[in-house]
Amino acid sequence: MNSRQIPPGQNVTTKFPILTYGQVPLINIREWRLRVFGLIEKELTFTWNEMMLLPKESLVRDFHCVTQWSQLDNLWEGIPFRDIAKLVQPKSKAKFVMAHSYGGYRTNLTLEVLMEDALFAYKHNEEPLDTNRGGPMRLIVPNRYGWKNAKWICGIEFMDQDQMGFWEAVSY
């Protein structure tokens, strides 16, 4: 077992369990879009090909789930959130973000957390993300538990006030 610290109550696994609330959406990569909107200077909607033209980054991070498992040393490849933020230019009062997913899931985060090292990931451990793991693209927020790492990402909304995401709205 790796000697580094994992969160209290977590168990290390090498299996990376698949946990999803609701049906897994089937997304045609030619029809996939990422809409970026809200309190920004320039609203943009990206196609898959447009996203693939942006600078890429790889990072290795542990992934922790609230269901008490952790998988160590995941290699993610994708487009840094901060690069998208530079393109859309968040307004000064934008402090929060709602990540929207195909299938209706949404999760709330602070803009500050996303600017650290969040990634629009399309590869995991050198393989394209499969549909069950959030493919073709998911949001990876390395310093938050998995429920904040929205699968099947399709929208990023910049906001001045925090709003409840899916799990907060159902009293999680």
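Express the relative contact order of the stretch 109-172 as a whole percentage, based on alpha carbon pairs under 8 Å and six or more residues apart in sequence. Don't skip to the end; give the middle numbers.
On the way: 62 pairs, mean separation 17.4, N = 64.
Computed value for the stretch 109-172: 27 percent relative contact order.
Mean sequence separation of contacting Cα pairs (under 8 Å, at least six apart), scaled by the length of the stretch 9-121, corresponds to a relative contact order of 27 percent. May I ask for the percentage of alpha-carbon pairs in the chain that lie more than 22 Å from each other? Result: 41 percent of Cα pairs exceed 22 Å.
What is the magnitude of the charge dipole of the stretch 1-112 about its Cα centre, with +1 placed on the Cβ of each Lys and Arg, -1 on the Cβ of each Asp and Glu, and no other charges, expressed in debye to the nearest 20?
Here the stretch 1-112 has a charge dipole of around 260 debye.
When you filter the trypsin sites (Lys or Arg not before Pro) in the stretch 15-97 for DSSP loop state and at most 11 other Cβ atoms inside 10 Å of their Cβ, you are left with Lys15, Arg30, Lys42, Lys93. Maximal additional length on extending the Glu31-Met115 stretch stands at 27.5 nm, based on 0.36 nm per residue less the C-alpha distance. Using the average count of surrounding beta-carbon atoms within 10 Å as a protection proxy, the listed peptides 20-28, 71-79, 97-105 rank, highest first, as 97-105, 71-79, 20-28.
Report, in listed order, any pair from Lys93/Lys123; Lys123/Lys148; Lys42/Lys148; Lys91/Lys151 with a Cα-Cα distance greater than 22 Å. Write out the running numbers ahead of the final one.
On the way: Lys93/Lys123 33 Å; Lys123/Lys148 18 Å; Lys42/Lys148 25 Å; Lys91/Lys151 26 Å.
Violating the 22 Å limit, Cα to Cα: Lys93/Lys123; Lys42/Lys148; Lys91/Lys151.
Read the figures in this text as sums done on the coordinates, not as results from a lab. What you see is a predicted model; the values in this text were computed from it and never measured. Positions of Cβ are backbone-derived with ideal geometry, glycine not excepted, and every protein chain shown enters the neighbour counts.
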